Every structure is written in structure tokens, then in C-alpha cells.
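S.K.: A single structure is presented below for examination.
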Amino acid sequence: MEQQRDYPGATGDFTGLLTQIALAAKVIAREVNKAGLVNILGFTGEKNVQGEQVTKLDVFAHQTLVEALEASGHVCAMASEEAAEPILPASGYPRGPYVVLFDPLDGSSNIDINITIGTIFSIHRKVRSGLDSTVEDLLQPGAQQVAAGYVVYGSSTMFIYTTGHGVHGYTLDPSLGEFLLSHENIHMPKRGSTYSANEGNYHTWSPGVRRYVDSLKDPQHKPYKGRYVGTLVADFHRTLLTGGIFLYPADITDPKSSGKLRLLYEAAPLAFVAEQAGGRASTGTEDILHVQPTQLHQRVPLIIGSAEDVTTVEDYIRRED
Ligand code: FBP
């Protein structure tokens, strides 16, 4: 609300939209926190468009976000990791100028073992006037985002977002049921001392990426610490607050592979947050925010974190040739 006053032309649509995403996050947090007590762990038996087994919490989080967003009356289209096609607000709901793309529950492999999971969202304004949306509204480069952020369901539940004016973090006070400002204007250290990657994939990495990760373990220089939760949101959140680098490179042994993580609702929103906090996000050869999307669920190699660390990886990849 406060920031809205900086925009004389503001209609309140955006504030209303973000408030609905925060409400959905509270509902999901409550279910995650008691997951072991209610029959919501495990799989539904279905597979999603990624070919992954769908968990019951994935479905719960997906439905909660869709209902909250369509009820806001501020969106004309949505896209979710759990839906093959774009989602339009059900008839009877007013439509608005925004499109929202989201990963309802990030870190599915960690749900049943009570390790930190998250939700990631990306908000764009629709491209053309009028209320009917086209896939063009969803396939916009990350640099066009009007806002992006994520929720971490960890020891505490945090809501982190940017609207292009810095990155701010809020912690959920369960007794109030309110997200309270706990981390204003987050800045990522220029260089870190932690690296995060699934080294089980080492043999699938390009020579430049291998040489870079090897260099981090060189006893001649102060070696970096290895940290890997296996939930993108958790590994990114640590990197945002303490610096360092997260890498999920492409698998060079599979010509069809362009990485595991999805551009529109994983890489691009976190790239916006990273850049707004003074960090960087790259495919290894191109800024994530400049990648032009062509498909809703396309994947990209992701190298994200402290600006100097990301630039160093790019140098190693450039020297590959
Ligand atoms: P989803 O759980 O939303 O499908 O996200 C993919 C993810 O779980 C990321 O959170 C994480 O960074 C990565 O996959 C872990 O992959 P891997 O198990 O191959 O290391």
C-alpha cells in the first residue's frame, strides 16, 4: 500500500494481486506445516506435463494459487508448472491486466522428508489492450516482468519479492497470520564463498563448468563450501542472503537437454530478484532476463548468484571454445 502511493496512476490492481498471492502462501504454509498429520503427503499417481510424478501438495498448492488469483479479478491468464496449457480465470470472475506464472510447489523431492520447499511467481502486464489474453502475454522475456518473488516454507515462512525497486523480505508471524517486513532492501554480496550444484551430474557438465567447479576446491585458494538442499528456492534464498553461486547447467551428454529448470516460472523470476539485489543470472552465455521464451515449459541452464561469481563462470565457459 505504501509503495502504491509512489504511483499516482495506480489503480490498486497490483496491490490487490500481490495480497492474494500472499494469502495463497499462508494457506499453503498452513498445509505444509501440518503435512505429516493430514493425508497430504505422497503422490496422486498422476504425472504432470514435465513427466514428473505429481504430489498431493503440488495439487493443493496449484489449486490454492489458481483460486486466489482468479478471485482477485486482476488476472487475464495464468501458467503453472502443474498445468500443460495456460489457465484462464473461470467464467464469472472479472479479468484484469496481469498474467501470473508460477511454480506452486518447488522442491517436490523434499516434500515428504520435511526439508524446505517453496513457491515461485512471476507477474507480467498483458501485451495487448482488451481483456482477452493470448499466449503472447505469457511468453514475455524476464526483463518485462513487473514483479517476481518466492515463498520459502522453512523453519519460518518468508515472502520475498521485487517490483523493480529493490528486494524486500517478510516473515510470517503465525500468531498474527501476517507477513511482517523483516528484510528490507536485501543486497547480495558481490562475491561469495559457497557453491551449490548437484555434483552427481558432474559428468554431464561442459568442460568449462567442470573446470570452474574444480577451481572452487583448489586448496591453493580458500576453497568454497559446498551446499545443496535440492530445492531451488532454498538454495537460492541462502545465496541471496550470504552470496555465492547456484548452478544447474545443461546436460551436454543429451543433445536435447537445455537444463532442468523452467525459464518462465523458476529461472526468470529468481533472475529478476537476483539482479534487483545486485546479483546476476545467466545461462552461461546469455542473461536469463534476455532469453526470449518460445514455449510455456521450456527449460534453461541456470547459473545465478553473486555478480562476480556468475561472471567468473561465464569466463570459464567462454574459454571452453
Ligand atoms: P520442482 O520440484 O518444482 O519440479 O523443481 C525442480 C527442482 O526440485 C528444484 O527445486 C531443484 O533445484 C532441482 O529440481 C533439484 O534437481 P536434482 O534432484 O536433479 O538435483
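The values are calculated or read from the model by the stated rules, or taken from the named source; none is laboratory data. Just so you know, these numbers come straight off a predicted model, no measurement behind them. Backbone-built Cβ (ideal geometry, glycine too); neighbour counts: all protein chains shown. Keep in mind that these areas ignore ligands, DNA and RNA; they rest on the heavy atoms of the full protein, side chains included. Shrake-Rupley method; radii C 1.70, N 1.55, O 1.52, S 1.80 Å.
S.K.: Collect residues whose amide H, placed 1.01 Å from N in the peptide plane, falls under 5 Å from the amide H of Ala79; neighbours closer than 5 in sequence don't count.
M.R.: Residues meeting the amide H criterion: Ile87, Val100, Leu101, Phe102.
S.K.: Around Leu37, what is the net charge, scoring Lys/Arg as +1 and Asp/Glu as -1 over all other residues with Cβ under 15 Å from its Cβ?
M.R.: +1
S.K.: Using alpha-carbon positions, what is the distance between the centroids of segment 19-73 and segment 252-321, in Å?
M.R.: 27 Å
S.K.: Sticking with this structure for a sec: Once you place label points 7 Å from the Cα toward the Cβ at Ile113 and Ser258, how far apart are they in nm?
M.R.: 3.1 nm
S.K.: Next question. Under the Karplus relation 6.51 cos²θ - 1.76 cosθ + 1.60, θ = phi - 60°, what is the ordered set of whole-Hz ³J(HN,Hα) values for segment 220-231, x standing for Gly and Pro?
M.R.: Calculated HN-Hα couplings, in order: 5, 9, 4, x, 6, 7, x, 9, 8, 8, x, 10 Hz.
S.K.: Using a probe of 1.4 angstrom, how much of the accessible area of segment 3-183 is carbon and sulfur, in percent?
M.R.: In segment 3-183, the share of accessible area belonging to carbon and sulfur is 53 percent.
S.K.: How big is the shadow of the Cα convex hull of segment 3-183, averaged over all directions, in nm²?
M.R.: That works out to 11.2 nm², a quarter of the Cα hull's surface.
S.K.: As a check on your grasp of the helix formula, calculate [θ] at 222 nm for the chain: sum -39500 (n - 2.57) over DSSP H runs of n ≥ 4, divide by the residue count, round to the nearest 500.
M.R.: Value at 222 nm, helices only: -8000 deg cm²/dmol.
S.K.: Also: Under a 1.4 Å probe, what is the accessible area of segment 60-150 per residue, stated in Å²?
M.R.: I get 37 Å² per residue for this part.
S.K.: Just by accessible area at a 1.4 angstrom probe, what is the order of Asp137, Asp287 from largest to smallest?
M.R.: Sorted descending by solvent-accessible area, the residues read Asp287, Asp137.
S.K.: Which residue fluctuates most in the GNM of the chain (Cα springs below 10 Å): Asn39, Asn185, Asn198?
M.R.: Asn39
S.K.: Now for a different question. In 20 Å bins starting at 0, how do the alpha-carbon pair distances of the chain split up by percent?
M.R.: Reading upward from the zero bin: 33, 59, 8, 0.
S.K.: Turning to a different aspect of this structure: Which pairs in the list Lys47/Lys256; Lys225/Lys260; Lys26/Lys190; Lys26/Lys217; Lys26/Lys260 are over 30 Å apart, alpha-carbon to alpha-carbon?
M.R.: Checking Cα-Cα distances, Lys26/Lys190; Lys26/Lys217 exceed 30 Å.
S.K.: Using a Gaussian network model of the chain whose springs link C-alpha atoms within less than 10 Å, name the residue from Thr283, Thr134, Thr231 with the highest mean-square fluctuation.
M.R.: Thr134
S.K.: Keeping the other protein chains in place, figure out the carbon and sulfur percent of the accessible area of segment 194-318, with a 1.4 Å probe.
M.R.: Of the solvent-accessible surface of segment 194-318, carbon and sulfur hold 52 percent.
S.K.: So how much accessible area does Asp112 have, in Å² to the nearest 10, using a 1.4 Å probe?
M.R.: 80 Å²
S.K.: Just the number please: accessible area per residue for segment 266-305, 1.4 Å probe, all protein chains included, in Å².
M.R.: Spelled out: the 1.4 Å probe surface of segment 266-305, per residue, equals 29 Å².
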